Structure formats: structure tokens, C-alpha cells
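Working notes, structure below.
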Amino acid sequence: MSDFYTSMNSPVGPLTLFEDQGSLTALEWGRAPAARATPLLTEATRQLTAYFDGGLREFDLPLAPIGGTDFQRRVWQAMRDIPYGRTETYGDLAARIGGVARAVGGACGANPLPILIPCHRVTGAGGRMTGYSAGEGVETKRALLQLEGATLI
């Protein structure tokens with residue numbers, strides 16, 4: 001991981017952000033001991049706080065997600081195109097990038113920057129709430145979508 005990180009409280013639990021070489025590389029649930037913050041991490045915390053307060057719809061932060069295959073990176077990039085308050089199904093996202101729904105689901109589960117790369121905006125067929133690999137799972141996904149005012153089934 002990185003030498004630079006900071007933790008914050010959020011409505012979906014404590015979050016820790018990690019930075020390496022001037023980009024955010026990971027966001028994890030939980031609190032890290034003794035933060036080693038940077039100006040970027042301070043700005044990321046500010047933007048996340050504004051997002052949770054309903055005052056920010058789009059993040060403007062340098063992201064360099066750690067790991068991932070070429071396909072997963074394509075999925076992560078495509079998820080960034082899903083607008084605030086909207087959802088897209090795994091199948092629709094797969095069709096958009098030339099993949100299959102199950103593989104898109106796997107890429108969502110491997111996303112190292114949830115919320116910032118909005119995997120919570122990807123749902124099952126017909127808008128069904130399906131798995132979420134962060135926080136409290138589907139309940140966290142539902143909370144993030146409700147925060148954004150998305151129509152839920």
C-alpha cells in the first residue's frame with residue numbers, strides 16, 4: 001500500500017484513503033492509525049465530505065487504482081461515466097464495453113476505489129440490488145444510491 005493515508009468518518013462508516021505518487025490508489029472501509037496526510041488526501045476528504053453532504057456530484061481527483069487486469073480497468077473507467085443519481089445494469093455496462101455481465105460484476109467487486117469509482121451505481125437486471133464488496137454490502141450500496149436520489153427497486 002502507500003506511505004500516505006488518511007481516515008475520515010462518513011455516513012457509511014469510517015473510510016481510509018491511500019495516495020501514491022500524487023494519485024489516490026485505494027479507499028477502504030475502516031480507520032488507519034496515525035494518518036500521514038498530504039494536500040491531495042486533504043482535498044479528497046473535503047470532496048468526499050461534500051459528496052456525503054449532498055453538495056458534490058462529481059469528484060475531481062487524480063485516480064490511479066491499484067491492481068486490476070486490463071478488462072477490470074476498462075470497467076472501472078466505464079463506471080466513471082455513469083452519472084450521479086443514475087444506475088446501469090451489469091449487462092448494459094458489459095454491452096457498452098464489449099464484455100459479459102458476470103465479468104463486469106467481478107470487476108466491480110475488485111474496484112479499489114469504491115465511491116470515487118462508483119461501482120454502487122451498477123445494479124442487477126431490472127435494477128435489482130445485488131452484491132457490493134464494501135462497507136455493509138448491499139445496505140451500503142443502497143445508502144449511497146439513496147444519497148444520490150437514484151430510483152431504487
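Region 6-59 and region 72-89 have their alpha-carbon centroids 20 Å apart. For region 41-110, the set of GluC sites (Glu not before Pro) satisfying both a DSSP loop assignment and a count of at most 12 other C-beta atoms within 10 Å is given as GLU58. Remark: the chain carries 49 Å² of accessible area per residue (probe radius 1.4 Å; ligands, DNA and RNA excluded).
Per atom type, the chain shows carbon and sulfur on 49% of its accessible surface, probed at 1.4 Å. Dimensions of region 1-151 along the principal axes, based on C-alpha atoms and rounded to the nearest Å, stand at 42, 31, 24, largest first.
Mean residue ellipticity at 222 nm, helices only, the chain: -10000 deg cm²/dmol; runs of at least 4 DSSP H residues each add -39,500 (n - 2.57), and the sum is divided by the number of residues. Ordering ASN9, GLY98, LEU40 by Cα displacement along the dipole of region 1-108 toward the positive end leaves GLY98 in first place; charges were set at the Cβ atoms of Lys, Arg (+1) and Asp, Glu (-1). Its residue count N sets the reference 2.2 N^0.38 Å, and the alpha-carbon radius of gyration of region 101-152 equals 1.02 times that reference.
Of all segments of the chain bounded by trypsin sites (Lys or Arg not before Pro) found in a DSSP loop with no more than 16 other C-beta atoms within 10 Å, the longest spans 87-127. Here the Gaussian network model covers the chain, with springs between Cα atoms less than 10 Å apart; of PRO65, PRO114, PRO11, PRO11 fluctuates the most. Region 30-105 has equivalent-ellipsoid semi-axes of 28, 17, 10 Å, by the square roots of 5 times the alpha carbon gyration tensor eigenvalues, sorted largest first.
The magnitude of the dipole of region 1-100, with charges of +1 and -1 set on the Cβ of Lys/Arg and Asp/Glu and taken from the Cα centre, is near 120 debye.
Taking every DSSP beta bridge that has both ends in the chain, the antiparallel portion is near 75%.
The values are calculated or read from the model by the stated rules, or taken from the named source; none is laboratory data. Note that this is a predicted model, so its numbers are computed, not measured. Reconstructed Cβ throughout: ideal geometry from the backbone, glycine too, with neighbour counts over all protein chains shown. Remember, those area values only see protein heavy atoms, side chains included, never the ligands or the DNA or RNA. Shrake-Rupley method; radii C 1.70, N 1.55, O 1.52, S 1.80 Å.
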